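The values are calculated or read from the model by the stated rules, or taken from the named source; none is laboratory data. Note that the coordinates shown come from a computational prediction; the quantities given were computed from them, not determined experimentally. We place every Cβ from the backbone using ideal geometry, glycine too, and count neighbours over all the protein chains shown. The accessibility values were calculated without ligands, DNA or RNA, using every heavy atom of the protein model including side chains. Shrake-Rupley method; radii C 1.70, N 1.55, O 1.52, S 1.80 Å.
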Amino acid sequence: ELTGGHRILSYLDPSEPKHAKLKSLIFFMLKARRDMVIPEFHATYTELFENLESDLAAKGKTSFGEANDQAAFKFLGRALYGVSPTDTKLGTDGPKLVQKWVLFNLHPILVLGLPKLVEELAIHSFRLPSFLVKSDYRRLYDYFYEAGGYVLDEAEQMGISREEACHNLIFATCFNTFGGMKILFPNMLKSIGRVRVKLHTQLAEEIRGAVRSNGGKVTMAAMEQMPLMKSVVYEAFRFEPPVPLQYGRAKKDLVIESHDAVFEVKEGEMLFGFQPFATKDPKIFDRAEEFVPDRFVGE
């Protein structure tokens, strides 16, 4: 009900017939727009940081969260569809519409910081009715239907209706990608900001040097020459995984082993994974609870 009556790619088992088609469609979009990702990211986030610097100069403080939400959504519109949401009827409303819709999807497992009893009764005990978010979702749908025309054309050739394809574009772009950027980027900047100034200098020197040696442009080749930058990104994923919870149903009987225990899982049982159990495992990572910027540099 929250995705136009369609079961979205993320919820399909790979054995289901539509899984391969819809996955191919998403990869078609990524392949078609691959040359626009870095230029649009550079343009959008240059604008973001220039505005933040202006706010800092004028007011002495600024907020990254909301500005990042706007930049992330605008970047995805420009990079994947060639249409900035701010130039359409959607305006700057996209991020808050997505946030409300995602809340309706995830509220049964969210912790909002309310008193436990209130959360259990208010958001964990029953489904919030989808009609409360229907008009907001329709605005998102209209934007993606117009902007994603080239993807919907490809979908029709693949035997997927334009409507179903559009709902999948919304989910892949807003729930998966925007949702990840909304969480990852602030967490990464927070972690970098808390580390010594020496790291800031090292990152600046490494990144600027690599960009200069690649004709003054940010390219994939240039990023391969930034081992510290890559390590910082990997460490950000390790330290605070943007999607820490995973669920799946066992397709067959299996045995799962940890360092010190063995678990039997029966076919059909629900599995739940909490990623930080692995990414902050002290038996694997030295100083597991500490953000170590150069952890992934070298061998």
inquiry  = Taking Rg/Rh (Cα atoms, Kirkwood Rh) straight from the coordinates, which label in (i) 1.13; (ii) 0.97; (iii) 1.70 is the correct one?
reply    = (ii)
Those GluC sites (Glu not before Pro) in region 213-282 that DSSP places in a loop and that have at most 13 other beta carbons within 10 Å = GLU224, GLU267, GLU269
note = Once amide hydrogens are built 1.01 Å from N within the peptide plane, the residues lying 5 or more places from VAL195 or on another chain with amide H under 5 Å from its amide H are none
inquiry  = As I understand it, the dipole of region 1-136 uses +1 on the Cβ of Lys and Arg and -1 on the Cβ of Asp and Glu, about the Cα centre. Which of ILE38, PRO108, SER15 lies farthest toward its positive end?
reply    = SER15
Cβ-placed point charges (K, R +1; D, E -1), dipole of region 245-298 about Cα centre in debye, nearest 20 = 220 debye
task = Compare ASP253, ASP136, ASP55 in a GNM of the chain, Cα atoms joined below 10 Å, and give the one with the largest fluctuation.
result = ASP253
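Within the accessible area of region 245-298, what % is carbon and sulfur when the probe is 1.4 Å and the other protein chains stay in place?
Taking all protein chains in place, region 245-298 shows 56 percent carbon and sulfur surface.
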Karplus-derived HN-Hα couplings along region 283-299 (A = 6.51, B = -1.76, C = 1.60, θ = phi - 60°), whole Hz, x at Gly and Pro = 7, 9, 10, 5, 6, 4, 8, 10, 7, 10, x, 9, 4, 9, 8, x, 5
key: Listed peptides 86-95, 278-287 by packing density, highest first (mean Cβ within 10 Å)   = 86-95, 278-287
ask   = When Lys and Arg each count +1 and Asp and Glu each count -1, what net charge do the other residues less than 14 Å away from SER161, Cβ to Cβ, add up to?
value = -1
query = Which of LYS18/LYS252; LYS190/LYS280; LYS74/LYS96; LYS96/LYS182; LYS96/LYS230 have a Cα-Cα distance over 20 Å?
reply = LYS18/LYS252; LYS96/LYS230
query = Relative contact order for region 1-148 using alpha-carbon pairs under 8 Å, separation at least 6, rounded to a whole percent?
reply = 22 percent
ask   = Counting only residues 5 or more places away or on other chains, whose amide H sits under 5 Å from the amide H of LEU271 once H atoms are built in the peptide plane?
value = GLY248, ARG249, ALA250
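Under 8 Å for C-alpha pairs, at least 6 residues apart: give me the relative contact order for region 200-259, rounded to a whole percent.
Computed over region 200-259, the figure is 24 percent.
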note = For LYS251, the lysines lying under 18 Å Cα to Cα, once residues fewer than eight places off in the same chain are dropped, come out as LYS266
task = Considering Cα pairs under 8 angstrom that are at least six residues apart, work out the relative contact order of the chain and quote it in whole percent.
result = 15 percent
ask   = If the cut-off is a Cα-Cα distance under 16 Å, which aspartates and glutamates reach LYS89, setting aside same-chain residues fewer than 8 apart in sequence?
value = ASP136, ASP142, GLU146
query = Top mean-square fluctuation among VAL197, VAL243, VAL151, Gaussian network model of the chain, C-alpha springs under 10 Å?
reply = VAL197
key: Ranked by how many other beta carbons lie within 10 Å on average, peptides 211-220, 180-189 from highest   = 180-189, 211-220
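Roughly how many debye, to the nearest 20, is the charge dipole of region 98-207 about its Cα centre, given +1 on each Lys and Arg Cβ, -1 on each Asp and Glu Cβ, and no other charges? Numbers along the way, then the final one.
Details: 12 positive and 12 negative charges, 155 e Å.
Rounded to the nearest 20 debye, it is 740 debye.
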request  = Note down the magnitude of the dipole of the chain about its Cα centre, charges +1 on Lys and Arg C-beta and -1 on Asp and Glu C-beta and zero elsewhere, to the nearest 20 debye.
outcome  = 360 debye
